[in-house]
1. Does the stretch 93-115 include one or more residues that are of a type in the set (G, A, S), under 25 Å from L19 (Cα atoms) and assigned to a helix (DSSP H, G or I)?
2. With the requirement that a residue be surrounded by 13 or more Cβ atoms within 10 Å (Cβ to Cβ), among the hydrophobic types (A, V, I, L, M, F, W, C) and out of contact with any Phe, Trp or Tyr (no Cβ under 9 Å at 6 or more places or on another chain), what does the stretch 11-40 give you?
3. List every residue pair whose Cβ atoms lie under 6 Å apart, where the two residues are 6 or more positions apart in sequence or sit on different chains, the first residue falls within the stretch 50-61 and is under 13 Å from I31 (Cβ atoms) and in contact (Cβ under 8 Å) with a residue 40 or more places away in the chain, and the second residue, located anywhere, is among the β-branched types (V, I, T) and assigned to a helix (DSSP H, G or I).
4. Please list, ordered by first then second residue, the pairs with beta carbon atoms under 6 Å, 6 or more apart or interchain, first in the stretch 82-96 and in contact (Cβ under 8 Å) with a residue 12 or more places away in the chain, second of a type in the set (G, A, S) and assigned to a helix (DSSP H, G or I).
5. How many residues, within the stretch 62-81, are in a strand (DSSP E or B) and either in contact (Cβ under 8 Å) with a residue 40 or more places away in the chain or farther than 13 Å from G113 by Cα (or both)?
6. Only one residue in P121, P82, P100 is of a type outside the set (S, T, N, Q), at pLDDT 95 or above, surrounded by fewer than 19 Cβ atoms within 10 Å (Cβ to Cβ) and touching a helix residue (DSSP H, G or I) at 6+ places or on another chain (Cβ under 6 Å), so which one is that?
7. Name the single residue, out of those in the stretch 26-56 being among the small types (G, A, S) and part of a helix (DSSP H, G or I), that is nearest to G108 (Cα to Cα).
8. Just give me the residues in the stretch 9-44 being of a type in the set (F, W, Y) and touching a residue at least 60 places away in the same chain (Cβ under 8 Å), in sequence order.
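The values are calculated or read from the model by the stated rules, or taken from the named source; none is laboratory data. In this text the structure is predicted, and so the values were computed from the model without any measurement. Every residue, glycine among them, receives a Cβ derived from its backbone with ideal geometry; neighbour counts consider all protein chains shown.
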Amino acid sequence: MNIFLRDYAVRLEDCLNNLPFDRLAELVELIRRKIEDQRQIIVFGNGGSASTASHFACDLAKGVFTGGGPRIKAISLNDCIPLMTAWANDEGYERVFVEPLANYLGEGDLVIGISASGNSPNVLRAIEYANRHGAVTVGLVGKGGGKLAELAQLSIVVKSDSYEEVEDIHLIITHMLKVALIKKFSE
C-alpha cells in the first residue's frame, strides 16, 4: 500500500509540474480585471467538480476579501439544489446550468466551467450560452481537454486521465488563484 500511495503522490506532482503556468498567470490577471470592473464570476461543475466550484466561489467571495482584497461577486450555479432539480426535471439535466446562467449572466462577466472530462453536456451548453452572450469563458479540464477546452476562450488542462488526480489538481489550482489574487490586491 505504501508504494501505491507514494506513486499517487508522484503522479500528482507530475500533474502540478506540467501545469500551463503562463495560462494560470493569464487567468489571475483576467480574474483581477473582472473584479476591478465589478463583473460577476460564475462557476459550475458536476460531482467532484461541483464541490470545487462551490469551494472556489466561497474562496473568491470571502477568502480574498478577508485576505485584504476587495469584495467579489462570485456564485456557484450548482449550489441551489432545488433550482437544479427543477430544471433537470422539467427540461433535462443538460439544462441545469444554462437556465440559471440566463438569470444571472451580464455582458462581460467571467464564466468558469469545471469538468474533469471536458465533455459534460450541461457544462458545454452553459459555456456556449456564455460565449454567445458576451461573457469571457474559462474551462478547467483534464483528460486531454475534451470539447470544453475548444469552446472556452481560455482553458487550463490538467495532464492526467485519472478523474481523481484531475479533481485534486483543480482544487489546488483554485487555491493558487485565490492566494495569487490576495497577493495582487496587496501590492
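1. No, the stretch 93-115 has no match at all.
2. Result: L12, C15, L16, L19, L24, L27, V28, L30, I31.
3. What qualifies is F56/T174.
4. Filtered contacts from the stretch 82-96: V96/A88.
5. 1
6. Numbers: P82 fails: touching a helix residue (DSSP H, G or I) at 6+ places or on another chain (Cβ under 6 Å); P100 fails: surrounded by fewer than 19 Cβ atoms within 10 Å (Cβ to Cβ).
That would be P121, the only listed residue that is of a type outside the set (S, T, N, Q), at pLDDT 95 or above, surrounded by fewer than 19 Cβ atoms within 10 Å (Cβ to Cβ) and touching a helix residue (DSSP H, G or I) at 6+ places or on another chain (Cβ under 6 Å).
7. First pass over the stretch 26-56, keeping only residues among the small types (G, A, S): 45, 47-51, 53-54.
From the residues that got through so far, the ones that are part of a helix (DSSP H, G or I) too are 48-51, 53-54.
On the way: G48: 27, S49: 24, A50: 23, S51: 25, A53: 20, S54: 21 Å.
Step by step, filter the stretch 26-56, then rank; the result is A53.
8. First, pick out the residues of the stretch 9-44 that are of a type in the set (F, W, Y): 21, 44.
The one that is of a type in the set (F, W, Y) and touching a residue at least 60 places away in the same chain (Cβ under 8 Å): F44.
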